[in-house]
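Chemist: Structure provided below as structure tokens; questions to follow.
The values are calculated or read from the model by the stated rules, or taken from the named source; none is laboratory data. No experiment lies behind these values; they were computed from the predicted model shown. A quick note on method: Cβ atoms are made from the backbone with ideal geometry, for glycine too, and the neighbour counts reach across all protein chains shown. When the accessible area is computed, the model is the full protein with side chains, heavy atoms only, and any ligands, DNA or RNA have been set aside. Shrake-Rupley method; radii C 1.70, N 1.55, O 1.52, S 1.80 Å.
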Amino acid sequence: MDTVQIFDTTLRDGEQSPGFSMNSREKLLFARQLEHLGVDVIEAGFPIASPGDLDAVRTVAAEILGCRVAALARARQEDVNAALRALEPAAKPRLHIFLATSDLHLEHKLRITRQHALEQVGKMVLYGRARCDEVEFSAEDASRSDLDYLLEVIEAAASAGATIINLPDTVGYSTPEEYGAMFLAARKRLGGYPHVIFSAHCHNDLGLAVANSLAAVVAGARQVECTMNGIGERAGNASLEEIVVALHVRQARYSASTNISLEKIYSTSRLLTSITGVSVPPNKAVVGANAFAHEAGIHQDGMLKNSMTYEIIVPEKVGVPTRRLVLGKHSGRNALRARLGELGYQTTEGELAECYKQAIALADSAKQVTDRDLLSIIHKIRRSRKIARAREIAASAAANSGLCELRNSEGRKS
């Protein structure tokens, strides 16, 4: 079974998203967690962007020993030199050079010809490889590039010494079929470079980042570039947690695994939200608050009998403390009985029926029934039943007392 390397770009592409900026201390804190998580490569930043970013990358490079540290650079000598300075203390450095290959970018953004770009790629990869043992080349906007030209560029990069070739779907334009086909064509073109690793880097503008990344894996990509919680430019990047859990759950389908410690995913997600102050949506796959929560009565009944009926992976496997059976207007009696039991209350059928009636009525207005609500309901029901029982006993005693008095009176008359 092949291993898919996880290239985490939370500290670079993820941080470029508005509102997700991190200082050097926060970058180092999160980099240590990523190392603990088991990622293969940490892209620590874009050193030419600012002196602060260069220092942050250098700080991460000096501290992280268990995985590779990458620094991004455009195919310009000043960029490459800045990245190399930042990577000087790294135990396992990787220089990551990129240049756009789509005619749209070449003409309107870079304003250079295809030939100029081709020459620049070869020149800068050669320059970087002479100074760093591992060089990755990314063809920005690969998914919208002319395929023949794209293949010519990546061959030039491989010839100059790049050992990782990344084909990004920079604007989230591609579909899984198209993206996979591009990797198959690239692998065929670089058949003479058997040691080259192909990498996928997908954005989520059409909601296809994870699907496209997995399609690339099927087509032979053995590195996936992603971010924790899927943060990143615009609609974000492919989510690390979704990719690695998909590869784990559907291992028979993909015949690939990762080096990620799945049980540390949730804590890593929570650390990122604490650093950025931005929480994930409740319905976010794997790490969202509702990812392992069940409200529908039919689902809850199935879960109580066998969790695999409605969960494809147990929450503890990804570090989520436990699943939740949420009590709402869609919940069933079995879930209510189970929750009351967990709270220490074994109920009769009569108590359960009354409790269910009141809980559903409350859920209609409050949307969710909390444990406090449930305790209040069961206490109220038991108090009412206790009072009613006491009244029955008192009434029965009074009746018996009156009957005895009547008998005594009749006895005296006789």
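Chemist: State the number of residues belonging to segment 87-103 that are part of a helix (DSSP H, G or I) and surrounded by fewer than 22 Cβ atoms within 10 Å (Cβ to Cβ).
Modeler: Within segment 87-103, residues that are part of a helix (DSSP H, G or I) and surrounded by fewer than 22 Cβ atoms within 10 Å (Cβ to Cβ) number 1.
Chemist: Now for a different question. Among the residues of segment 274-287 satisfying the criterion of being open to solvent by less than 30 Å² (accessible area, probe 1.4 Å) and within 8 Å of the chain's Cα centre (by Cα), which is nearest to Asn23 (Cα to Cα)?
Modeler: Val287
Chemist: How many residues are more than 13 Å from Met303 (Cβ to Cβ), open to solvent by 20 Å² or more (accessible area, probe 1.4 Å) and at pLDDT 80 or above if we restrict to segment 334-348?
Modeler: 7
Chemist: Suppose we keep only residues that are open to solvent by 10 Å² or more (accessible area, probe 1.4 Å) and part of a helix (DSSP H, G or I) within segment 71-81. Which one would you say is nearest to Arg114 (Cα to Cα)?
Modeler: So, considering only residues that are open to solvent by 10 Å² or more (accessible area, probe 1.4 Å) and part of a helix (DSSP H, G or I), the one nearest to Arg114 (Cα to Cα) is Gln77.
Chemist: Among the helices (runs of 4 or more DSSP H) confined wholly to segment 187-299, which include 2 or more residues that are hydroxyl-bearing (Ser, Thr, Tyr)?
Modeler: So the answer is 265-276.
Chemist: Next question, about the same structure. Of Leu65, Leu54, Leu84, which residue is under 23 Å from Gln5 (Cβ atoms), in a helix (DSSP H, G or I) and open to solvent by 20 Å² or more (accessible area, probe 1.4 Å)?
Modeler: Leu84
Chemist: What do you reckon, is Gly172 open to solvent by less than 20 Å² (accessible area, probe 1.4 Å), in contact with a helix residue (DSSP H, G or I) (Cβ under 7 Å, 6 or more places away or on another chain) and farther than 19 Å from Glu241 by Cα?
Modeler: Against the criterion (open to solvent by less than 20 Å² (accessible area, probe 1.4 Å), in contact with a helix residue (DSSP H, G or I) (Cβ under 7 Å, 6 or more places away or on another chain) and farther than 19 Å from Glu241 by Cα), Gly172 does not qualify.
Chemist: Separate question: Among the candidates Ala156, Ala200, which residue alone is touching a residue at least 12 places away in the same chain (Cβ under 8 Å), in contact with a strand residue (DSSP E or B) (Cβ under 7 Å, 6 or more places away or on another chain) and within 28 Å of Pro93 (Cβ to Cβ)?
Modeler: Ala200
Chemist: Consider Ile165 carefully, then state whether it is buried (at least 18 other Cβ atoms within 10 Å of the Cβ), in a helix (DSSP H, G or I) and touching a strand residue (DSSP E or B) at 6+ places or on another chain (Cβ under 8 Å).
Modeler: no
Chemist: Within segment 18-49, take every residue that is in contact with a helix residue (DSSP H, G or I) (Cβ under 9 Å, 6 or more places away or on another chain) and part of a loop (DSSP other than H, G, I, E, B) and give me the one that is nearest to Asp79 (Cα to Cα).
Modeler: Only one residue tops the list, namely Phe46.
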